[in-house]
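Okay, so here's the structure we're looking at.
The values are calculated or read from the model by the stated rules, or taken from the named source; none is laboratory data. The structure displayed is predicted, hence computed values, not measured ones. Here the Cβ is made from the backbone with ideal geometry for all residues, glycine too, and neighbour counts use every protein chain on show.
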Amino acid sequence: MLELIAIIVSLTAIFAWFNHQYIHLPTTIGVMAIALALSGGLHGLAWLGFTAIEDQAEALLSRIDFNQLLMDGMLSLLLFAGALHIDLDRLRRYRWSIGFLATLGVVISTLAIGSAAYYLFGALGLSVPWMYCLVFGALISPTDPIAVLGILRKANAPADLELRIVGESLFNDGVAVVVFTLLLGAAMGDEALTFTHAGKLFLQEAGGGILLGLAIGTLAYWLMRSIDEYRIEVLISLAVVLGGYSLALHLHISGPIAMVVAGLLIGNKARQSAMSDTTREHLDAFWELIDEILNTLLFVLIGLEVLLIPFELAHLWACAGLIVVILAVRFTTIGVPVMLLRDQLGFRHGSARILTWGGLRGGISVALALALPDGETRDTLLTVTYLIVLFSILVQGLSIGRVVVWLLGQSPQSAAQR
């Protein structure tokens, strides 16, 4: 395992240096693009008959459980780091729009995308059962906080729109995991799909996650308030994440939601009244570094995972059609409340289109697709999910800054200052 970690970290460092020196893309997008190019090069060599290197790379990557690595490891650190820098007072101003997008928006999107996927797969000769199409709708619906946090900040979007997208992304993955778990259990025949069961599961996962986040965040606050030693206080924050997430998994409640709540509590209440300036400086530096390193590692892994994805031409056509569907569904779920509640919620002109294009999909969707049971259906959904994620990050992620300029008629910098 140490050898595997050493290889991935070394490749990531080389890719990041090369991107910074020559390509000048945002780090996460740049390293993923280089990893994709490397994967494509290995495929090309294999096509020419030189299969040894590709075989070794595939054997190496097959030792990585991407789902477990992200969902049970990196996600907790990344969500906490993202929530730590969110202004809770400003977040409350947009709580209704964020709440809608992170809950009912996910459910509506799941049903709409799943239904469209069922008919599109059938038209292309891809046999995917109805329930698994709904499972696909659940795993592809949430905007990924990892992708959003790693890319949107560098796009210089207006602060209010950035906060809405980031706030939605931090919360909706927990809701999506609950919906995904419920639908997958029904698809596999393990449990009945009923409103009662869905309500109990949501209450256990989401409600339990909120309570746990409040409990461990409050405990960390009192511990930090009792001392003035930045080394120990940074260690306490790390214990909140690792210990809290492990406890959430053990209690079968939402670890992601717990980490977001704890991060918001420590980043606001503890930052204001339990930390010295020195502690704030070191805590911010520590978690910003954790965020940058893990984001970069994750995007390299996404780029390299292409070596293990089975591609067919029908998958490309399905991806193209579903990208249109996903964007249309997101625009609809955003556009309606924007038009009806623009004055009450403070939406600016062009908000719906920016929120639509800024709703990136990322590693969480891939991780959930990898959790599907083995078989032809899994291969189809995994490949289509992977292609959609690549489009989202490479096309939407690279162009969101230009979309802001185009729709707002001003420079990204001045947009950010409004």
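When you check LEU60 against the structure, is it under 28 Å from LEU182 (Cβ atoms) and either part of a helix (DSSP H, G or I) or touching a residue at least 60 places away in the same chain (Cβ under 8 Å) (or both), yes or no? The answer is no for LEU60. Taking first residues from segment 221-240 that are without any contact (Cβ under 8 Å) to a residue 24 or more places away in the chain and more than 19 Å from ALA258 (Cα to Cα) and partners that are of a type in the set (Lys, Arg) and exposed (fewer than 14 other Cβ atoms within 10 Å of the Cβ), no Cβ contact under 8 Å between residues at least 6 apart in sequence or on separate chains turns up. Against the definition (outside any helix (DSSP H, G or I) and either on the phi > 0 side of the Ramachandran plot or modelled with pLDDT of 90 or more (or both)), how does GLY49 come out, yes or no? Judged against the criteria, GLY49 is a match.
Of the residues in segment 235-267, how many are in a loop (DSSP other than H, G, I, E, B) and either of a type outside the set (S, T, N, Q) or more than 26 Å from LYS200 (Cα to Cα) (or both)? So the count comes out to 2.
The single residue among THR27, THR51, THR103 that is of a type in the set (Ser, Thr, Tyr) and in contact with a Ser or Thr (Cβ under 8 Å, 6 or more places away or on another chain) turns out to be THR27. For VAL241, the test of being within 19 Å of ILE86 (Cα to Cα), modelled with pLDDT of 95 or more and either among the hydrophobic types (A, V, I, L, M, F, W, C) or crowded, with 22+ Cβ neighbours inside 10 Å (or both) is passed. Contact annotation: residue pairs with Cβ atoms under 9 Å, 6 or more positions apart or on different chains, pairing a residue in segment 271-285 that is within 13 Å of LEU235 (Cα to Cα) with a partner that is polar (S, T, N, Q), are LEU283/SER237. Considering ALA37, ALA33, the condition of being within 24 Å of the chain's Cα centre (by Cα), more than 21 Å from LEU289 (Cα to Cα), of a type outside the set (Lys, Arg) and crowded, with 17+ Cβ neighbours inside 10 Å is satisfied by ALA33 alone.
Residue pairs whose Cβ atoms lie under 9 Å apart, separated by 6 or more positions or on different chains, with the first residue in segment 366-385 and closer than 19 Å to LEU70 by Cα and the second among the basic types (Lys, Arg), are ALA369/ARG378; LEU370/ARG378; LEU372/ARG378; THR385/ARG361.
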